[in-house]
Amino acid sequence: MRQQSHRQMRRAACAVALAGVVALAACSKKEAAAPAPRPVVAVALHADGHAMQAASLPGEVQSRYATPLSFRIGGKIIERRVRLGDVVKSGQIVAQLDPADAQKNAASAQAQLEAAQHGLVFAKQQLERDQAQAKENLIAPAQLEQTTNAYASALAQRDQAAQQAALAKNQLQYTTLVAAHAGVITAEQADTGQNVSAGQAVYNLAWSGDIDVLCDVPESALAGFAVGQSASVTLAALPGRKFTARVRELSPAADAQSRTWRARLTLNDPGPDVRLGMTTDVTPVTPLAPSQANGSFTLPVTALFHAGRQPAVWVVRAADNALELRPVTVTRYNERTIVISDGLKDGERVVLQGVHTVSAGEKVNVIAPLHPEDFVS
């Protein structure tokens with residue numbers, strides 16, 4: 001009986017030990033199980049193959065030349081012949097001052113000229129008589145000198161009166177305001193019955209001809225606005241149409257308050273539909289270098305990481321879906337995107353979000369972005 005009891009106890013102990021070994025084996029297998037791959041948002045890249053574009057900037061359509069129209073003398077406006085928005089021709093009369101005072105001044109100057117001419121005729125006749133008498137020694141030499149001096153004085157007075165008459169005539173003409181160039185009236189700055197001073201603007205005239213687009217360029221987009229550089233222009237008033245322009249002028253210094261550079265672009269073939277004052281979107285087009293033309297990639301700024309001090313992105317290896325930190329060369333930083341010219345290959349998958357939460361060698365499960373157009377432009 002004792003031997004049988006010892007056998008049963010030994011069998012129970014072995015069963016307990018075997019159950020423990022099985023349990024430990026099960027636990028070790030569970031602990032050694034590999035973690036599930038982390039889901040990441042990534043997309044396969046394809047080379048742009050075209051000229052890269054910067055973010056668009058707001059602008060305004062303006063005439064290349066615009067000048068104020070003003071009278072060259074002061075007076076009272078008695079007539080305005082054009083209004084805001086009117087198209088005028090070169091030499092067309094646009095306004096008139098009260099000419100009464102200028103007419104009187106011109107008449108007075110003309111009368112002084114006639115008097116000076118009569119005085120000159122008399123002085124010349126007197127000089128001719130005295131010269132004839134002096135040859136016969138009938139007058140003293142001093143009298144001939146006085147007559148000669150009187151003639152010279154009369155000649156100078158005639159010349160002075162002639163200049164005064166011409167000036168008064170010009171001032172009478174200045175009472176009429178004439179458009180020096182063909183164009184359109186863009187502003188009215190004086191009204192009929194108003195007294196204006198010389199040089200005070202009455203109208204603002206935008207010349208016909210070249211049409212410019214004026215925009216203020218921030219420092220981040222300054223590289224695309226070199227003089228002679230091409231740009232694409234769209235107008236809110238003309239949807240679906242795109243115009244080309246060329247940078248004609250760029251301010252050499254930034255504005256002290258806005259810290260932007262003023263750029264003027266000349267539109268190519270604007271057409272009659274493009275009107276002054278229309279709002280525009282200006283997008284400079286910067287050609288890529290030949291070495292970059294077929295290997296540039298556009299990514300959102302959220303994909304950018306770093307390897308030390310060099311820009312880098314996370315690449316998902318095709319062989320094992322593991323992450324690799326790849327240094328890259330960034331050729332342009334736009335408002336929401338970057339352009340990479342070196343370091344990536346066509347078709348490689350790049351992580352677009354959560355770049356600060358992953359690590360090198362980590363296996364991931366690639367998930368396509370919900371709206372791809374929001375990530376890659």
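Only the coordinates and a few stated rules stand behind these numbers; no lab work does. Nothing here was measured: the structure is a model prediction, and the numbers come from that model. Ideal geometry is used to build each Cβ from the backbone, glycine not excepted, and the neighbour counts take in all protein chains shown.
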Checked Ala231, Ala263, Ala221 against criteria (in a helix (DSSP H, G or I) and surrounded by 18 or more Cβ atoms within 10 Å (Cβ to Cβ)); the one match is Ala221
For Asn105, all conditions in the list (1) closer than 30 Å to Gly75 by Cβ; (2) within 58 Å of the chain's Cα centre (by Cα); (3) surrounded by fewer than 16 Cβ atoms within 10 Å (Cβ to Cβ) hold save one; what is the number of the exception?
(3)
Consider Leu127 carefully, then state whether it is under 30 Å from Leu177 (Cα atoms) and surrounded by 13 or more Cβ atoms within 10 Å (Cβ to Cβ).
no
